[in-house]
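Asker: For reference, the structure I am asking about is given below.
The values are calculated or read from the model by the stated rules, or taken from the named source; none is laboratory data. Being a predicted model, the structure only gives us computed values, none of them experimental. Ideal geometry is used to build each Cβ from the backbone, glycine not excepted, and the neighbour counts take in all protein chains shown. Ligands, DNA and RNA are stripped out before the accessible areas are found, and what is left, the full protein with its side chains, is counted by its heavy atoms. Shrake-Rupley method; radii C 1.70, N 1.55, O 1.52, S 1.80 Å.
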Amino acid sequence: MTDKPVKPKPLGPIPAGYGSLDGELEIGGHPASYWAAKAGKTPLFVYSRDLLDGRVAQLRAALPDRVGLNYAVKANPYLPVVQHMHGLVDGFDIASAGELAITNKAGIDPAKISFAGPGKRDDELEAAIAAGVTLNCESEGEGRRALAIGERIGKAPRIAMRVNPSFELKGSGMKMGGGAKQFGVDADKVPELARELIEAGAEWRGLHIFTGSQALSAEAIIEAQANVLKLAAKLANDIGHGLPKLNMGGGFGIPYFPGDEPLDLAAVGAALSERVAKLPDALADTDLCLELGRYLAGEAGVYLTRIVDRKASHGATYLITDGGLHHQLAASGNFGTVVRRNYPLAIANRYNESANDVVNVVGCLCTPLDRLADKAELPRADVGDLVAVFCAGAYGATASPSDFLGHGPAAEILV
Ligand SMILES: *Cc1c(COP(=O)(O)O)cnc(C)c1O
């Protein structure tokens with residue numbers, strides 16, 4: 001049998017802000033191998049303060065001052081990252097009592113925190129109400145349980161209504177609005193429930209309208225934001241109480257795959273500035289915010305994993321690493337993608353060498369699902385070299401099954 005030459009598959013685009021130092025990928029002013037040595041182990045997530053700062057600065061420059069920024073903790077709940085974001089953003093969105101424990105540890109004022117998510121347990125509601133966190137109410141049942149718990153502990157719950165809108169964020173990777181959903185209260189049922197909760201003594205905090213995630217189209221985001229503002233104004237009128245706050249959702253995406261283009265942030269900011277300059281009366285005194293996860297943290301993180309073996313099989317070359325889908329489920333193509341495509345990836349310690357080899361980069365798990373790159377064109381690499389997987393700052397470490405196969409969690413470091 002003769003082996004045909006392998007046709008390479010493209011890799012996703014390496015995010016802006018990464019350069020080289022001493023021939024290696026540079027992160028936070030040092031070569032990648034420096035951080036691997038400093039952590040004392042691989043695999044390792046390296047998150048960059050500079051890149052987190054830079055992204056927030058870009059957002060502040062593009063968005064109107066009137067619109068605040070919230071960080072969605074689920075994207076990256078690593079405590080040093082959350083603590084760092086504390087100095088950068090205006091508020092935090094959590095989705096469990098576990099995340100509340102993290103924001104507490106980070107010393108974040110509960111008045112800056114809102115708690116969304118279906119299926120909040122009574123003990124979670126109690127912890128949030130006692131702390132003074134705003135509950136983004138997801139259902140009639142949850143609203144009434146919150147009131148009863150507030151009464152029992154002698155503290156009025158702070159409640160915003162999470163709305164399930166009839167529209168969605170077009171082209172988003174994960175749709176969380178439009179039609180039947182487990183999230184939020186259907187828009188037409190919001191006014192009655194909001195009035196019931198307010199009249200029963202809840203501290204009214206306004207609305208939360210999240211329409212989707214991972215959108216790269218400015219046009220789609222602009223349209224969704226226009227719809228959100230229109231719906232919020234209508235609901236405020238129907239409820240008969242002004243909105244102290246409107247969480248407009250987010251959905252800003254980052255390029256992961258070949259052909260993905262970065263979001264045109266300037267266009268989104270310009271359109272939002274125009275709308276904010278002529279808000280309907282119902283929103284004149286409302287605090288506005290966006291909630292972002294991956295757009296803030298995703299590109300600021302790199303996953304470093306070391307090559308353990310290099311082998312050939314039927315003409316294909318495999319670089320087998322000490323990492324894999326147990327830390328980077330999304331890069332393996334098993335976290336919400338239909339067709340597997342390659343994430344951006346590089347040989348970190350041969351960052352400037354020319355790509356003259358076509359290889360499959362795989363993890364160490366005993367399952368064929370554990371692939372980090374298929375038919376990637378990379379510099380020739382061997383045992384001991386470091387593979388960098390980009391876009392690892394969000395939905396990496398905690399969105400992957402790190403117990404699967406018993407290799408244990410990756411190290412994490414904020415630099
Ligand atoms: C997951 C989630 C986010 C963050 O989404 P990203 O795509 O990471 O920006 C924000 N808000 C809510 C309600 C979420 O569920």
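Asker: Picking from 362, 383, 228, which is most flexible by a Gaussian network model of the chain using Cα springs under 10 Å?
Answerer: Answer for the Gaussian network model of the chain: 383.
Asker: A further question follows. Before rounding to the nearest 500, sum -39500 (n - 2.57) across all DSSP H runs of length at least 4 in the chain and divide by the residue total; then give [θ] at 222 nm in deg cm²/dmol. Kindly include the intermediate steps, with their values, before the conclusion.
Answerer: On the way: 11 runs with 116 residues, N = 415.
Taken over the chain, the calculation gives -8500 deg cm²/dmol.
Asker: Same structure, new question: Full-extension gain between residue 60 and residue 366, please, as 0.36 nm times their residue separation minus the C-alpha to C-alpha distance.
Answerer: On the way: separation 306, 0.36 × 306 = 110.16 nm, distance 4.49 nm.
My answer for the length gained is 105.7 nm.
Asker: Can I ask one more? With unit charges on the beta carbon (Lys/Arg positive, Asp/Glu negative), name the residue among 389, 212, 182 whose Cα is farthest towards the positive pole of the charge dipole of the chain.
Answerer: 389
Asker: Taking the Cα centre as origin and putting +1 on Lys and Arg beta-carbons and -1 on Asp and Glu beta-carbons, what dipole magnitude results for the stretch 50-187, to the nearest 20 debye? Present the calculation step by step, with values, prior to reporting the outcome.
Answerer: Working: 17 positive and 17 negative charges, 30 e Å.
That gives the stretch 50-187 a dipole magnitude of about 140 debye.
Asker: Under the rule of at least 5 residues apart or a separate chain, name every residue whose amide H is placed under 5 Å from the amide H of residue 412.
Answerer: It is 45, by chain and number.
Asker: Would you mind working out the magnitude of the charge dipole of the chain relative to its Cα centre, with +1 at each Lys and Arg C-beta and -1 at each Asp and Glu C-beta, to the nearest 20 Debye? Numbers along the way, then the final one.
Answerer: Details: 41 positive and 49 negative charges, 95 e Å.
That gives a dipole near 460 debye.
Asker: Size of the stretch 245-397 along its principal axes in angstrom, Cα-based, largest extent first?
Answerer: Principal extents (largest minus smallest coordinate, Cα): 68, 31, 25 Å.
Asker: On the Cα set of the stretch 242-334, report Rg and Dmax in Å, please.
Answerer: When restricted to Cα atoms, the stretch 242-334 yields Rg and Dmax of 21.5, 69 Å.
Asker: Please report Rg (one decimal) and Dmax (integer) in Å for the Cα set of the stretch 150-277.
Answerer: For the stretch 150-277, the Cα-based Rg and Dmax read 16.4, 55 Å.
Asker: If ligands, DNA and RNA are left out, what is the accessible area of residue 142 with a 1.4 Å probe, given in Å² to the nearest 10?
Answerer: Near enough 10 Å² of accessible area.
Asker: Among 368, 85, 406, pick out the residue whose Cα is farthest towards the positive end of the charge dipole of the chain, where Lys and Arg carry +1 and Asp and Glu carry -1 on C-beta, about the Cα centre.
Answerer: 368
Asker: Taking the Cα centre of each part, how many Å lie between the stretch 338-404 and the stretch 271-319?
Answerer: 19 Å
Asker: In addition: Please work out the average accessible area per residue across the chain, using the 1.4 Å probe convention, and give it in Å². The partial results should precede the final answer.
Answerer: Details: 17030 Å² over 415 residues.
Result: 41 Å² of accessible area for each residue.
Asker: What residue among 148, 269, 300 has its Cα farthest toward the positive end of the dipole of the chain, where the charges are +1 on Lys, Arg and -1 on Asp, Glu, each on the Cβ?
Answerer: The listed residue farthest towards the positive side: 300.
Asker: Whole number please: convex hull volume per residue of the Cα set in the stretch 155-218, in Å³?
Answerer: On the way: hull volume 6.1 nm³, N = 64.
Cα-based convex hull of the stretch 155-218, divided per residue, equals 96 Å³.
Asker: Spelling out what I want: for every residue of the stretch 95-104, take phi, set θ = phi - 60°, compute 6.51 cos²θ - 1.76 cosθ + 1.60 (Karplus), and round to whole Hz; glycine and proline get x.
Answerer: Per-residue couplings from phi come out as 9, 6, 5, x, 5, 5, 4, 5, 5, 4 Hz.
Asker: Just the ratio, please: alpha-carbon radius of gyration of the stretch 308-415 over 2.2 N^0.38 Å, N its number of residues.
Answerer: Numbers: Rg = 13.4 Å, N = 108, 2.2 N^0.38 = 13.0 Å.
The stretch 308-415 yields a ratio of 1.02.
Asker: With a 1.4 Å probe and all protein chains kept in place, how much accessible area does residue 260 have, in Å² rounded to the nearest 10?
Answerer: Around 40 Å² of this residue is reachable by solvent.
Asker: Right, next: Hey, what did the stretch 70-121 get for relative contact order, percent, Cα under 8 Å, at least 6 apart? Before the final figure, lay out each step's value.
Answerer: Numbers: 59 pairs, mean separation 20.5, N = 52.
RCO, the stretch 70-121: 39 percent.
Asker: Determine the order of 88, 325 by accessible area, beginning with the largest, at a probe radius of 1.4 Å. Write out the running numbers ahead of the final one.
Answerer: Working: 88 40, 325 5 Å².
So the residues, ranked largest to smallest area, are 88, 325.
Asker: Using a simple charge model, +1 on the beta-carbon of Lys and Arg, -1 on the beta-carbon of Asp and Glu, nothing else, what dipole does the stretch 107-162 show about its Cα centre, in debye to the nearest 20?
Answerer: Details: 9 positive and 9 negative charges, 24 e Å.
Taking the Cα centre of the stretch 107-162 as origin, the dipole is about 120 debye.
Asker: Enter the mean projected area of the convex hull around the alpha-carbon atoms of the stretch 83-125, in nm², rounded to one decimal.
Answerer: Details: hull surface 11.6 nm².
For the stretch 83-125, the mean projected area of the Cα convex hull comes to 2.9 nm².
Asker: Would you kindly find the accessible area of residue 138, with a 1.4 Å probe and non-protein molecules such as ligands, DNA and RNA excluded, rounding to the nearest 10 Å²?
Answerer: Accessible area, nearest 10 Å²: 10 Å².
Asker: For the chain, what % of the accessible area comes from carbon and sulfur atoms, probe 1.4 Å?
Answerer: On the chain, the fraction of accessible area on carbon and sulfur atoms equals 51 percent.
Asker: Hey, another quick one. Find, among the trypsin sites (Lys or Arg not before Pro) in the stretch 1-87, those assigned to loop by DSSP (not H, G, I, E, B) with at most 16 other beta-carbon atoms within 10 angstrom. Present the calculation step by step, with values, prior to reporting the outcome.
Answerer: Details: sites: 38, 41, 49, 55, 60, 66, 74; in loops: 41, 66.
Here the sparse-neighbourhood loop sites are 41, 66.
Asker: Based on Cα coordinates alone, diagonalise the gyration tensor for the chain, multiply each eigenvalue by 5, take square roots, and list the semi-axes in whole Å, largest first. Display every interim value, and only then the final one.
Answerer: Numbers: eigenvalues 354, 94, 74 Å².
Equivalent ellipsoid of the chain: 42, 22, 19 Å, largest first.
Asker: Additional query: Could you give the spread of the C-alpha atoms of the stretch 68-139 along their three principal axes, from largest to smallest, in whole angstroms?
Answerer: 31, 23, 20
Asker: Sorting 115, 335 by accessible area (1.4 Å probe), largest first, what list results? Intermediate results must be reported in sequence, preceding the final value.
Answerer: Working: 115 0, 335 80 Å².
The ordering from most to least exposed comes out as 335, 115.
Asker: Determine the order of 20, 114 by accessible area, beginning with the largest, at a probe radius of 1.4 Å.
Answerer: Values: 20 55, 114 15 Å².
Ranked list, largest accessible area first: 20, 114.
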